[in-house]
Amino acid sequence: MTTAPALPAAAKELHLASSSKRIPELDGLRGLAILLVLVAHYFPLVTIAGDHVILRRVLRLFALGWSGVDLFFVLSGFLIGGILFESRSSPRYFKTFYFRRAYRILPIYSLWLLLYLLVALTYRFFVPQTPIGSADLRHFPYYLLFLQNFLFFKAHLEVIWLGVTWSLAIEEQFYLCAPFVVRNLRVRPLVIVLGSLVLIAPLLRLAVYLWLPQQILLVYLSLFCRADALALGMLAAVGSSLPEVRGYVQAHPNLPRNFIIGSACALAAVGYWLLGPREVISGTLGFSCLAFFYLSLLVFVLLRPGSAIAGATRWKALRKLGMISYCVYIIHGPVLHAVHRIFRASGPSISSWDAVGATCLALFFTLLLAILSWYLLEKPLIRRGHRYSY
């Protein structure tokens, strides 16, 4: 009779991963998250399947690339939750946290907003007969305050240039709230609050579907409707710091495998709705199943470092992609549109070989700019931010 492999220091590994220590598997998961987003936005493969029904259905799986944002949410909850929980007794708790976040988030974001403003003003005043106008500038203050996830109707350039930053707004709002919650609650109330968010978020999404159908975008864009993914990540971080949880994990070595199998089955059960038009099941149970699946993936790669899945997250290319994922996420949409407009005088597509070539060229420029941003700007600023110690 064979037994499941032991998990030597498994809970310790999970605990370390929730701290500020850099874990290669987490960089790999970031790389996976941004890769999913790129696939969804750059290569909508269903458009080249033609009349091949089976092929079209298989390729529709690539449409789930949008869920890479949910993986980012789970990772943010886990990493930020772990750092906050470990440091909550520090006298420099708030100062250190917010200065480090500011050095990480604001420079690239501010430069991107400034460039957007310059482009919009240039088109507004110097390029006649363009769809870009005053409407593209009307919402600019919202972006300065990270409130763009409350904007449901956006102008032409605004959608292209800043559309993806709705998720960044959610994360910034999370960063604003989480430190106070973690600092002022004991462990048990904290776990209850986080667990309640996991349960309440899908109910809030259901309430929007039932009673606020005209505000349906709240399901996707509001912090509280998407809080289950962030809260699940935080729960994992808090749990990894508790001796009783670490002991339970060590006593049940099959737990990571069972968790990922169970969450994958739940995700498959709602997969039909996730791949179809957005409706009540995909927006309620679907989002929750995605969050649980990505949490199980996170836990599995940290507790089973010798597994093939964990090994894949340590691939150098995937880890490097994860390191530059922040800049890639912000700039990939505008770069895609710009390359297609310059070389094809048309919008993004992969319906022809020249369109495929333009898309690949856009991907190359996106990665090149993100690499330059990482080494010339982001990495030095992150080091400066870490001069602030807990």
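Structure summary
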quantity: Residue that is nearest to L223 (Cα to Cα) [pool: residues in segment 131-148 that are in contact with a Lys or Arg (Cβ under 9 Å, 6 or more places away or on another chain) and surrounded by 19 or more Cβ atoms within 10 Å (Cβ to Cβ)]; calculated: Q148
quantity: Cβ pairs under 9 Å, 6+ apart, first in segment 361-372 and in a helix (DSSP H, G or I), second among the small types (G, A, S); calculated: A362/A338; F365/A338; A370/S325
quantity: Identity of the residue in segment 300-339, closer than 12 Å to L367 by Cα and among the hydroxyl-bearing types (S, T, Y), that ends up surrounded by the fewest Cβ atoms within 10 Å (Cβ to Cβ); calculated: Y326
quantity: Residue among L113, L79, L84 that is under 19 Å from V164 (Cα atoms) and either within 21 Å of the chain's Cα centre (by Cα) or aliphatic (A, V, I, L, M) (or both); calculated: L113
quantity: Any chance L176 is surrounded by fewer than 18 Cβ atoms within 10 Å (Cβ to Cβ), touching a Ser or Thr at 6+ places or on another chain (Cβ under 8 Å) and either part of a helix (DSSP H, G or I) or modelled with pLDDT under 95 (or both); calculated: no
quantity: Filter pass, L212 being without any contact (Cβ under 8 Å) to a residue 40 or more places away in the chain and either under 30 Å from P141 (Cβ atoms) or of a type in the set (V, I, T) (or both); calculated: yes
quantity: Extreme residue, nearest to the chain's Cα centre (by Cα), among residues of segment 340-360 that are polar (S, T, N, Q) and in a loop (DSSP other than H, G, I, E, B); calculated: S349
quantity: Options A268, A312, A236; residue that is over 17 Å from G31 (Cα atoms) and in contact (Cβ under 8 Å) with a residue 24 or more places away in the chain; calculated: A236
quantity: Those residues of segment 268-285 which are touching a Phe, Trp or Tyr at 6+ places or on another chain (Cβ under 6 Å) and either crowded, with 22+ Cβ neighbours inside 10 Å or of a type in the set (S, T, N, Q) (or both), in sequence order; calculated: S282
quantity: Counted residues, segment 94-115 - those being of a type in the set (F, W, Y) and farther than 15 Å from C327 by Cα; calculated: 4
quantity: Whichever residue in segment 288-298 is touching a residue at least 60 places away in the same chain (Cβ under 8 Å) and surrounded by 24 or more Cβ atoms within 10 Å (Cβ to Cβ) and, among such residues, is nearest to R226 (Cα to Cα); calculated: A291
quantity: Identity of the residue in segment 76-114, among the small types (G, A, S) and farther than 22 Å from S373 by Cβ, that ends up surrounded by the fewest Cβ atoms within 10 Å (Cβ to Cβ); calculated: S89
quantity: Any hit, segment 317-339, residues being over 23 Å from the mean Cα position of the chain (by Cα) and not β-branched (V, I, T); calculated: yes
quantity: Residue satisfying all of: in segment 125-184; β-branched (V, I, T) and touching a residue at least 12 places away in the same chain (Cβ under 8 Å); nearest to F85 (Cα to Cα) among these; calculated: V182
quantity: Only one of L298, L218, L285, L232 that is over 18 Å from the mean Cα position of the chain (by Cα) and either under 23 Å from Q148 (Cα atoms) or among the hydrophobic types (A, V, I, L, M, F, W, C) (or both); calculated: L285
quantity: Subset of segment 215-226 that is in a helix (DSSP H, G or I) and touching a Gly at 6+ places or on another chain (Cβ under 9 Å) - its residue that is surrounded by the fewest Cβ atoms within 10 Å (Cβ to Cβ); calculated: Y220
quantity: Checking V356 against (1) without any contact (Cβ under 8 Å) to a residue 60 or more places away in the chain; (2) β-branched (V, I, T); (3) crowded, with 21+ Cβ neighbours inside 10 Å, the condition it does not meet; calculated: (3)
quantity: Counted residues, segment 91-130 - those being part of a helix (DSSP H, G or I), among the charged types (D, E, K, R) and at pLDDT 95 or above; calculated: 4
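The values are calculated or read from the model by the stated rules, or taken from the named source; none is laboratory data. Quick caveat, the model's predicted, so the values are computed rather than measured. Glycine gets a Cβ as well: all are built from the backbone with ideal geometry, and neighbour counts include every protein chain shown.
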